[in-house]
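The values are calculated or read from the model by the stated rules, or taken from the named source; none is laboratory data. Computed from a prediction, not measured in an experiment: that's the story for all the values here. Reconstructed Cβ throughout: ideal geometry from the backbone, glycine too, with neighbour counts over all protein chains shown.
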Amino acid sequence: MTDPQPASVYDLTPSEEAESLATFAVLVDNEPGVLHRLVGLFAARGYNIESLTVAETDRKAHTSRVTIVTRGTPHVLAQIEAQLTKMVSARHVQDVTRDPNGLERELALVKVKGTGHDRVEALRVADIFRAKVLDTALDSFVFEVTGAPSKIDKFVDLMRPLGLVEVSRTGVLSIQRGVEAL
């Protein structure tokens, strides 16, 4: 009897492990090519990026914060975190999903058309979700809603039958509670 071949690192056969979402906050040097290398890391290994936000956070230190939402099995998510940590430009990597002090928020602009009862119902739902009316016309609204991604999803789902036209989302932002910085 021969020993089976070791599994390839790039083996994409379905796994029995359940997949889950994970949010990683990465503090990187703000220099040309960093985002390209980061996205290339995901592409080369066949990992999907569900959401990506990037902005400079400290001009003097030349650092940017990258927030990446991805999906995978616990093993794949551990690999992603390890690969992010190995990036030369990465100063710090935090798995916000596993951090009890981690906060995640998203902003969405939601356009809804409607008149009569649907218009009134859209305003009522917006009030429940604390969505702000940014623009109003006789036959449409543009709402601004912020919160956890699941809250945004629920708001959009409720607006669908009321005349949802368009959705624009920022992607997830994250920060840690307390006095510690990333």
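Somewhere in the stretch 112-125, is a residue closer than 23 Å to T53 by Cα and in the same structural domain as E166 (by TED's automatic domain parsing)? No. For the stretch 158-182, a residue qualifies if it is exposed (fewer than 14 other Cβ atoms within 10 Å of the Cβ) and not in a loop (DSSP other than H, G, I, E, B), and the qualifying residues are R160, P161, V165, E166, S168.
When residues in the stretch 13-50 are screened for being buried (at least 17 other Cβ atoms within 10 Å of the Cβ) and farther than 16 Å from T70 by Cα, 4 of them pass. Between R65, R98, R105, R91, the distinction of being touching a Leu at 6+ places or on another chain (Cβ under 8 Å), closer than 25 Å to A55 by Cα and exposed (fewer than 15 other Cβ atoms within 10 Å of the Cβ) belongs to R91 only.
Working only within the stretch 126-157, note down all residues that are crowded, with 18+ Cβ neighbours inside 10 Å and in a helix (DSSP H, G or I). Of everything in the stretch 126-157, those that are crowded, with 18+ Cβ neighbours inside 10 Å and in a helix (DSSP H, G or I) turn out to be A126, P149, I152, F155.
Just one of (1) under 13 Å from the mean Cα position of the chain (by Cα); (2) of a type in the set (D, E, K, R); (3) not in a strand (DSSP E or B) fails for E16. It is (1).
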